[in-house]
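Accompanying notes for the structure given below.
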Amino acid sequence: MQFRGWCFAVLWALAFNAAAQTQPLLIGAEDDWAPFSRAENGQPVGMAVDIVRAIFGQANIPVKLVPLPYARCMLETKAGKLGGCFDTLPDAQMQRDYLFHAKPLFSDPLLIITRADSKDSAVKIQDLQGKRVLITHGYSYGDEFESNFLIQRVQSTSDLSNLRMLVAGRAEYSIVYRRILDHQLRGKARDLASQIKPEGQLPNAQLYLSFSRSYPGIPDVIERFNEAHNRLLRDGTIAAISKKWE
């Protein structure tokens, strides 16, 4: 009877593990960062969404993308409620809190924006010292920016709010990704096109998916993710996705 009981326990455990492996990996996708990632009818869409789906598909890892505000997405990933969250520009603190894959999903210039009537030109990061600079809550802007405590940060709730606050005189500068700026000026911020201008750039931003340090099975997921990502970089799939969203 003991042997039969032991066999039953082993078979039950194997069945439980097999069922667990078929459960999709939960990954958070930012819900308001077009054209990279946004929610549309409750589903994530965008360039980064297509890239992430393609990599997990190539890795044969079932995944469920959950659209969330970025700050909440990162908190739930850190707490182990989600396996990961995108898109992230890693800095030193994030490297301690999260795990990252080997190569960036994509890169994009981080622009320094001023008002159109500003006399400033060719603005560099050191020129931001002592000035008010609009940033979006929860976003990171690279180690060079994050470690410079002479910059007076003014937080906004979104990139669109960031730009409107700049025009309203709430700060001298704003930091926005190039493709985000282009998207906003073609859409909800069309009325601001003649009132702002890019006058500098931070180091080119490389964006990643942040993986949880406490979600089960993540080291194996990252290994398979890296292998699949390399295959899609070699065969041109990633480049084709990026081009589609230009």
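Please treat every number below as a calculation from the coordinates, not as lab data. As the structure is a prediction and not an experimental result, all values here were calculated from the model. Cβ sites come from the backbone with ideal geometry, for glycine too, and all protein chains shown count toward neighbours.
The table below gives the values:
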read-out: Cα long-axis angle, helix 2-22 against the chain (0 to 90 degrees, to the nearest 10); value: 30 degrees
read-out: 0 to 90° range, to nearest 10: angle between helix 218-234 axis and the chain longest Cα axis; value: 60 degrees
read-out: P(r), alpha carbons of segment 138-246 - 5 Å bins starting at zero, rounded %; value: 2, 9, 15, 16, 16, 14, 12, 9, 5, 1
read-out: Ascending count of other beta-carbon atoms within 10 Å, so fewest first, for 156, 147; value: 147, 156
read-out: Cut-off 13 Å, label 7 Å out along Cα→Cβ of residue 117, residues of segment 173-211 by amide N; value: 195-196
read-out: Kirkwood Rh, angstrom, segment 42-192 [1 / mean 1/r, Cα pairs]; value: 17.1 Å
read-out: Using a Förster distance of 41 Å, the FRET efficiency for residue 239-residue 72 (Cβ separation, nearest 0.05); value: 0.85
read-out: Residue order, fewest to most surrounding Cβ atoms within 10 angstrom, among 165, 74; value: 165, 74
read-out: Choice from 118, 174, 161 with maximal GNM fluctuation in the chain (Cα, 10 Å cutoff); value: 118
read-out: Using alpha-carbon coordinates, inclination of helix 47-58 to the longest axis of the chain, degrees; value: 20 degrees
